[in-house]
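Notes to accompany the following structure.
The values are calculated or read from the model by the stated rules, or taken from the named source; none is laboratory data. Since this is a predicted model, take the numbers as computed values, not measurements. No Cβ is skipped: glycine too gets one built from the backbone with ideal geometry, and neighbour counts run over all protein chains shown.
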Amino acid sequence: MAISANIGNIQVTALVDLTPPARDVSMIYPDVPAEDWGPYQGFALEDGMWQTQYCAYLVRRADGDGPIVLVDAAMGPGPHEPGDVPGKLLEELSAAGVEPGEVSAVVTTHPHGDHVGWNVSYDGDTPRATFPNACYMIAKADWDHWTSDEIAPNVPAIGRSVQPLEGLGVLHLVEGEEDVAPGVKTLPANGHTPGHQVVVVESNGDTGVIIGDLFHNVAQVTETEWCPMFDWNQDMARASRRDILGKAAAGNWTVFAGHLRIGSNIGKVSGSGDSFTWQSL
């Protein structure tokens, strides 16, 4: 199932690759006392459980002209446990009228496994770029960290879905803000990973932001100090979260979240400082 919103004349579409089983929220947010979730039952949790989705975002002009950008590459083909479920990103793209060869840029918000899974496909043991005509844009700080000799051998997704991009000649390392396509640019939002970045979309006076893993649960929009176990540097993650949410609130940006359920994953925020309110569109 895909859902879209327009930013001026640019259409941003959420594509669901996979919906994993719900998990005990205390495993994801071990530092948040169980009683603090009380106000968020039925809103941020489902039957007391943390439910996420693994999404990518398709960015293109609403009239179909111009470059096509994919933000993140989700979990990949799988099969994924439980039940040997396959990832469906390519099916979602096809349903949206896009074939892999038409994608001009793949922006990786950060190279965790659920954001890079479709980067590379394999013919036997031979890798090839799933999106053969795309420039794959990864923050240099993330590349340097995740492909280091200390990290890469212990993270299978890096060896399978990230490092081959260099040899395939499709890798582009991003430092700071960088234009991706007309009206589309990267913006650093470090903390979840060393080079975590968001993607800002601007058109006809409207602005949207695709946030990667700026937050994993809608409760974090209000409780901006809450961090999941996945954050590399929690203080940096908090600062980035508050900065981007503050910009979104002040500028009436549309926010596209990668880990909220379809139907609640596109919204607006209001507020300031260290506490905001989410309203789904």
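Hey, can you tell me all the residues within region 122-155 that are in contact (Cβ under 8 Å) with a residue 40 or more places away in the chain and over 23 Å from Ser94 (Cα atoms)?
Of everything in region 122-155, those that are in contact (Cβ under 8 Å) with a residue 40 or more places away in the chain and over 23 Å from Ser94 (Cα atoms) turn out to be Ile138, Ala139, Lys140, Ala141, Asp142, Trp143, Asp144, His145, Trp146, Val155.
Report, by residue number, each residue of region 1-26 that is loosely packed, with under 13 Cβ neighbours inside 10 Å and part of a loop (DSSP other than H, G, I, E, B).
Met1, Pro21
If you check every pair at least six apart or on different chains, which have Cβ atoms under 7 Å apart with a residue in region 70-84 that is farther than 15 Å from Tyr122 by Cβ and hydrophobic (A, V, I, L, M, F, W, C) first and a residue that is modelled with pLDDT of 90 or more and in a loop (DSSP other than H, G, I, E, B) second?
Leu70/Val103; Leu70/Phe131; Val71/Thr109; Ala74/Gly87; Ala74/Gly117; Ala74/Trp118; Met75/Gly87; Met75/Gly117
So, Pro132, is that one part of a loop (DSSP other than H, G, I, E, B), at pLDDT 95 or above, crowded, with 18+ Cβ neighbours inside 10 Å and not basic (Lys, Arg) or not?
Criteria not met by Pro132.
If you go through region 266-277 one residue at a time, how many are surrounded by 13 or more Cβ atoms within 10 Å (Cβ to Cβ), out of contact with any Lys or Arg (no Cβ under 8 Å at 6 or more places or on another chain) and of a type outside the set (Val, Ile, Thr)?
6
What is the one condition in (1) surrounded by fewer than 20 Cβ atoms within 10 Å (Cβ to Cβ); (2) of a type outside the set (Ser, Thr, Tyr); (3) assigned to a helix (DSSP H, G or I) that Trp143 does not satisfy?
(1)
Would you mind stating whether Ser161 is of a type outside the set (Lys, Arg), more than 26 Å from Arg61 (Cα to Cα) and in contact with a helix residue (DSSP H, G or I) (Cβ under 8 Å, 6 or more places away or on another chain)?
Judged against the criteria, Ser161 is a match.
Please go through region 188-223 and give me each residue that is over 23 Å from Gly263 (Cβ atoms) and hydroxyl-bearing (Ser, Thr, Tyr), ordered by number.
If the condition is that a residue be over 23 Å from Gly263 (Cβ atoms) and hydroxyl-bearing (Ser, Thr, Tyr), then Thr193, Ser203 are the ones that fit.
Please go through region 56-99 and give me each residue that is within 20 Å of Val255 (Cα to Cα), hydrophobic (A, V, I, L, M, F, W, C) and in contact with a Phe, Trp or Tyr (Cβ under 9 Å, 6 or more places away or on another chain), ordered by number.
Ala56, Val69, Leu70, Val71, Ala73, Ala74
Conditions (1) among the charged types (D, E, K, R); (2) within 18 Å of the chain's Cα centre (by Cα), marked per residue:
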position: Glu225; (1), (2): yes, no
position: Trp232; (1), (2): no, yes
position: Arg241; (1), (2): yes, yes
position: Leu245; (1), (2): no, yes
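When you go through (1) at positive phi; (2) crowded, with 20+ Cβ neighbours inside 10 Å one by one for Tyr29, which number turns out not to apply?
Single failed check for Tyr29: (1).
For region 201-250, which residues satisfy the criterion of being aliphatic (A, V, I, L, M), out of contact with any strand residue (DSSP E or B) (no Cβ under 9 Å at 6 or more places or on another chain) and crowded, with 22+ Cβ neighbours inside 10 Å?
Of everything in region 201-250, just one residue is aliphatic (A, V, I, L, M), out of contact with any strand residue (DSSP E or B) (no Cβ under 9 Å at 6 or more places or on another chain) and crowded, with 22+ Cβ neighbours inside 10 Å, namely Ala237.
So which strands (runs of 3 or more DSSP E) are wholly in region 42-128 and hold at least 2 residues that are touching a helix residue (DSSP H, G or I) at 6+ places or on another chain (Cβ under 7 Å) and surrounded by 15 or more Cβ atoms within 10 Å (Cβ to Cβ)?
Hits in region 42-128: 54-61.
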